[in-house]
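**Q** Please find one structure pasted underneath; my questions will follow.
The values are calculated or read from the model by the stated rules, or taken from the named source; none is laboratory data. Predicted, not measured: the structure shown is a model, and the values here were computed from it. Cβ placement follows ideal geometry from the backbone for every residue including glycine, while neighbour counts extend to all protein chains displayed.
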Amino acid sequence: MNTADVTITIDGRAVTVVRGISVAAALINDGMHTFRSSVTATSRGPLCGMGVCYECRLEIDEVAHRRACLVTVTDGQRINTGQRPRQ
Ligand code: FES
């Protein structure tokens, strides 16, 4: 880790990411393309990347339904997708 990195927690797992990127980019870089499931259990993930489609909604720092494409990563940030068990 260097000064250009921050550590976030994705579903209980610590991940070091580049400072300044969006939460959506951090998750995609980590190999995650499904961010949540719809009410009909359909896999959903980022579509527009600019805050319009709401398909990237996640729980970030215990606030539900935040758009991951609009939130910048910060050190210690906690992200819960519900896709992986918390550790
Ligand atoms: S990807 Fe469309 S609102 Fe985030």
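**Q** Inside segment 59-87, can you point out the residues that are within 17 Å of ASN29 (Cβ to Cβ), modelled with pLDDT under 95 and not polar (S, T, N, Q)?
**A** ARG84
**Q** Can THR34 be described as in contact with a Gly (Cβ under 7 Å, 6 or more places away or on another chain) and not small (Gly, Ala, Ser)?
**A** yes
**Q** Right, another one. Picking from LEU70, LEU47, which residue would you name as being within 11 Å of the ligand (Cβ to nearest atom), assigned to a loop (DSSP other than H, G, I, E, B) and in contact with an Asp or Glu (Cβ under 6 Å, 6 or more places away or on another chain)?
**A** LEU47
**Q** Then there's this: Could you check how many residues of segment 36-82 are over 20 Å from THR7 (Cβ atoms) and not basic (Lys, Arg)?
**A** 24
**Q** Still on this structure, I have one more. Mind checking which pairs have a first residue in segment 44-56 that is over 14 Å from MET32 (Cα atoms) and a second that is assigned to a loop (DSSP other than H, G, I, E, B) and more than 6 Å from the ligand (Cβ to nearest atom), Cβ under 6 Å, 6 or more apart or different chains?
**A** Listed pairs, sorted by first residue: GLY51/LEU70.
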